[in-house]
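Asker: Okay, here's the structure, questions in a sec.
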Amino acid sequence: MKYEIKKLPKNIIELTIEVSVDKLKPYLERAAQRLSLEVKIPGFRPGKAPYEIVKQKIGEAAIYEEAMGDVVKETYFKVVKEENLETIGEPKIEPLKLAPGNPLVYKATVALLPKIELANYRKIRVKRHKVPVEEKKVQKVLEDLRRARRKEVLVDRAAQEGDKVIIDLDILQDNVPIEGGQAKGHTVVIGEPYYIPGFDKKLIGLKGKEVSEFTLPFPNDHYNKRLRGQKIDFKIKMNSVYELTLPKLDSEFVQSLGNFKDLEELKKQIKANLKEEERLKEKQRCEREIFEEIIKRSRFEEIPEVLITSEVDKMLEELNANVSEQGLKFEDYLTSIKKTAEDLRKEFRQQAERRVKTALIIREITRFENIEVKEEEIEKETKGALKYYPDDIETQKKIESDAYRDYLREVLKNRKAVELLKSLIIR
């Protein structure tokens, strides 16, 4: 077997592999035997016809085509192993010569895992910030809880501050309706933040069935660049007005939220929850800063497109899952943000490249630091996962499979690498 390796841009290589006629013989014999199982040859049982008879029956070119898969499977991976190539994904195979009596020649194009010149991460420092919880944050949570339990009563009067109103809405620019700017039964709470500043205040004084027209500038940070800062016309029809009443911060309200003896105990729990949230946010911030610093100081070979595309796919899948958990369809979500999946793919590319580089850094650190995972650690994780599926036999089999154990081993190695970095860098 002969082969040549050609380096292409973006960390792609092209392998040209030639297999001699002599080396092809066993592959051709096996291919002919398989084909004779599918083709009826008089005088021979299925799979037992000699090579020459099969060749006469279906033609030697068909045998070569059948053998191609086996030849590629064995010779390609042999070259990869001999050259210590760290490939990504499946190769693109293109036959160059596939003719009876001749050597078989094919081209395999595949991406390589980028090499990385890792920064000296032991000299990097990231400062941990204090996470105090201010009293006003506790008060905001209390107000949010009151709003969540507020009572609403339909009233026959003009809308005022603090009311909830139901309106029909038309938004126009130069007397032309804006796409997506029409809504029936639209809800607005006067006094709560609205995406067009000042809009809710224009509703004060309107009673049911009354109409109003006014002009307001769209915010300068609006997602639609064409509308930013532009004066836009609004046509409003008031349908109904609801008076909102917040519950008092008394013992009855406190007890409705759980097993709290008084307001002070509730506030203490809220503060503990907020502190834990802030602690987790700070932990995530430190981790992001660690990898931002290492990425900035390290050198990477060109990142193959397949890696970035794969990471973008993962990010879209994650977003889709999050949207589904909220009971929404992904298509409806895209409509609500006025974007297509292709728009998101373009926006995700930069973040996807950072995520790829982060994964490469973690991989390199697990090697450099000789991070290993013990079998008992994998056993512990496996038993923990099995507890969630006591009656699901199929899922239990997957969790106990060698493939899942290999996956767990990599997850735990990566986790250890991140924890090591945090212990070395965060101060």
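Asker: With (1) surrounded by 12 or more Cβ atoms within 10 Å (Cβ to Cβ); (2) over 22 Å from residue 228 (Cβ atoms) as the list, and residue 209 as the residue in question, which single condition is left unmet?
Answerer: (1)
Asker: Residue 128 is checked against (1) modelled with pLDDT of 95 or more; (2) assigned to a loop (DSSP other than H, G, I, E, B); (3) of a type outside the set (Val, Ile, Thr) and fails just one. What number does that condition carry?
Answerer: (1)
Asker: I've got another one for you. Pull up the range 179-195, narrow it to residues that are among the small types (Gly, Ala, Ser) and over 30 Å from residue 143 (Cβ atoms), then point me to the one that is surrounded by the most Cβ atoms within 10 Å (Cβ to Cβ).
Answerer: Of all residues in the range 179-195, those among the small types (Gly, Ala, Ser) come to 180-181, 183, 185, 191.
Add one more test, that the residue is over 30 Å from residue 143 (Cβ atoms), and what stays is 180-181.
Values: 180: 11, 181: 16.
Taking the candidates together, the pick is 181.
Asker: A further question on this structure: Find all pairs meeting these conditions: Cβ atoms under 6 angstrom apart; at least six residues apart or on different chains; first residue within the range 63-75 and not assigned by TED's automatic domain parsing to the domain that holds residue 25; second residue polar (S, T, N, Q) and in a helix (DSSP H, G or I).
Answerer: none
Asker: I'd like to check something: does the range 371-381 contain any residue that is in the same structural domain as residue 405 (by TED's automatic domain parsing), exposed (fewer than 12 other Cβ atoms within 10 Å of the Cβ), under 30 Å from residue 128 (Cα atoms) and out of contact with any His (no Cβ under 9 Å at 6 or more places or on another chain)?
Answerer: Yes: one or more hits.
Asker: Moving on to the next point. Exactly one condition in (1) surrounded by 15 or more Cβ atoms within 10 Å (Cβ to Cβ); (2) in contact with a His (Cβ under 6 Å, 6 or more places away or on another chain) is not met by residue 228; state its number.
Answerer: With (1) surrounded by 15 or more Cβ atoms within 10 Å (Cβ to Cβ); (2) in contact with a His (Cβ under 6 Å, 6 or more places away or on another chain) applied to residue 228, the lone miss is (1).
Asker: Residues in the range 242-254 that are touching a residue at least 24 places away in the same chain (Cβ under 8 Å) and part of a helix (DSSP H, G or I): how many? Even if it seems obvious, please write down each step before you answer.
Answerer: Initial filter on the range 242-254 (touching a residue at least 24 places away in the same chain (Cβ under 8 Å)): 242-247, 249, 253.
Right, trim to part of a helix (DSSP H, G or I) and you get 253.
The number of residues fulfilling the criteria is 1.
Asker: Answer yes if at least one residue in the range 137-150 is in contact with an Asp or Glu (Cβ under 8 Å, 6 or more places away or on another chain), assigned to a helix (DSSP H, G or I) and buried (at least 16 other Cβ atoms within 10 Å of the Cβ), and no otherwise. Quick ask: steps written out before the conclusion?
Answerer: If we filter the range 137-150 for residues that are in contact with an Asp or Glu (Cβ under 8 Å, 6 or more places away or on another chain), which is where we start, we get none.
Within the range 137-150 (the criterion being in contact with an Asp or Glu (Cβ under 8 Å, 6 or more places away or on another chain), assigned to a helix (DSSP H, G or I) and buried (at least 16 other Cβ atoms within 10 Å of the Cβ)), the answer is no, since none of the residues qualifies.
Asker: Right, next: Going by the conditions given, is residue 371 part of a loop (DSSP other than H, G, I, E, B) and either at pLDDT below 95 or on the phi < 0 side of the Ramachandran plot (or both)?
Answerer: On the way: part of a loop (DSSP other than H, G, I, E, B): yes; either at pLDDT below 95 or on the phi < 0 side of the Ramachandran plot (or both): yes.
In short, yes.
Asker: Further question on the same structure: Would you be able to say whether some residue in the range 225-237 is of a type outside the set (Lys, Arg), in a helix (DSSP H, G or I) and closer than 27 Å to residue 345 by Cα?
Answerer: Taking the range 225-237 as the starting set, the residues that turn out to be of a type outside the set (Lys, Arg) are 227, 229-230, 232-234, 236.
Next cut, in a helix (DSSP H, G or I) only: 227.
With the extra rule that they be closer than 27 Å to residue 345 by Cα, the set shrinks to 227.
Scanning the range 225-237 turns up at least one residue that is of a type outside the set (Lys, Arg), in a helix (DSSP H, G or I) and closer than 27 Å to residue 345 by Cα.
Asker: What is the residue count in the range 348-382 for residues that are touching a Leu at 6+ places or on another chain (Cβ under 7 Å) and acidic (Asp, Glu)?
Answerer: Within the range 348-382, residues that are touching a Leu at 6+ places or on another chain (Cβ under 7 Å) and acidic (Asp, Glu) number 4.
Asker: Of the numbered conditions (1) of a type in the set (Val, Ile, Thr); (2) touching a residue at least 12 places away in the same chain (Cβ under 8 Å); (3) surrounded by fewer than 12 Cβ atoms within 10 Å (Cβ to Cβ), residue 176 satisfies every one except a single condition; which is it?
Answerer: Residue 176 satisfies all of (1) of a type in the set (Val, Ile, Thr); (2) touching a residue at least 12 places away in the same chain (Cβ under 8 Å); (3) surrounded by fewer than 12 Cβ atoms within 10 Å (Cβ to Cβ) except (2).
Asker: What residue, among those in the range 94-128 that are among the aliphatic types (A, V, I, L, M) and over 29 Å from the mean Cα position of the chain (by Cα), is farthest from residue 56 (Cα to Cα)? Steps first, answer last, please.
Answerer: Going through the range 94-128, the residues among the aliphatic types (A, V, I, L, M) turn out to be 96, 98-99, 104-105, 108, 110-113, 116, 118-119, 124, 126.
Subsequent filtering for residues that are over 29 Å from the mean Cα position of the chain (by Cα) retains 96, 98-99, 104-105, 108.
Working: 96: 25, 98: 18, 99: 16, 104: 21, 105: 24, 108: 31 Å.
Looking at the filtered set, the residue picked out is 108.
Asker: Being under 22 Å from residue 282 (Cα atoms) and surrounded by 13 or more Cβ atoms within 10 Å (Cβ to Cβ) is true for just one of 405, 415. Which residue is that?
Answerer: Every option except 415 fails the conditions.
Asker: While we're on this one: Can you tell me how many residues in the range 255-268 are assigned to a helix (DSSP H, G or I) and loosely packed, with under 15 Cβ neighbours inside 10 Å?
Answerer: If we filter the range 255-268 for residues that are assigned to a helix (DSSP H, G or I), which is where we start, we get 255-256, 263-268.
Right, trim to loosely packed, with under 15 Cβ neighbours inside 10 Å and you get 255-256, 263-265, 268.
Residues meeting the conditions: 6.
Asker: Under the condition of being among the hydrophobic types (A, V, I, L, M, F, W, C) and either part of a helix (DSSP H, G or I) or free of Cβ contacts under 8 Å to residues at least 60 places away in the same chain (or both), which residue from the range 325-355 is farthest from residue 291 (Cα to Cα)?
Answerer: Filtering the range 325-355 for residues among the hydrophobic types (A, V, I, L, M, F, W, C) gives 328, 330, 334, 337, 341, 344, 348, 352.
So of that shortlist, the ones also either part of a helix (DSSP H, G or I) or free of Cβ contacts under 8 Å to residues at least 60 places away in the same chain (or both) come out as 328, 330, 334, 341, 344, 348, 352.
Details: 328: 33, 330: 31, 334: 31, 341: 28, 344: 24, 348: 18, 352: 14 Å.
That would be 328.
Table: residues versus (1) under 15 Å from residue 100 (Cα atoms); (2) surrounded by 14 or more Cβ atoms within 10 Å (Cβ to Cβ).
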residue: 14; (1), (2): no, yes
residue: 22; (1), (2): yes, no
residue: 32; (1), (2): yes, yes
residue: 60; (1), (2): yes, yes
residue: 72; (1), (2): no, yes
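Asker: I'd like the full set of residues that are part of a loop (DSSP other than H, G, I, E, B) and either touching a Cys at 6+ places or on another chain (Cβ under 7 Å) or surrounded by fewer than 12 Cβ atoms within 10 Å (Cβ to Cβ) (or both), limited to the range 382-400. Talk me through it step by step, then tell me what you get.
Answerer: Within the range 382-400, the first condition is being part of a loop (DSSP other than H, G, I, E, B), and the residues that meet it are 387-392, 400.
Correct list: 387, 388, 390, 391.
Asker: Where residues in the range 311-361 are β-branched (Val, Ile, Thr), out of contact with any strand residue (DSSP E or B) (no Cβ under 9 Å at 6 or more places or on another chain) and over 21 Å from residue 10 (Cα atoms), which of them is surrounded by the most Cβ atoms within 10 Å (Cβ to Cβ)?
Answerer: Looking at residues that are β-branched (Val, Ile, Thr), out of contact with any strand residue (DSSP E or B) (no Cβ under 9 Å at 6 or more places or on another chain) and over 21 Å from residue 10 (Cα atoms), I get 323.
The values are calculated or read from the model by the stated rules, or taken from the named source; none is laboratory data. Predicted model, so just to flag it, every value in this text is computed and none were measured. So basically every Cβ, Gly included, is an ideal-geometry build from the backbone, and we count neighbours across all protein chains shown.
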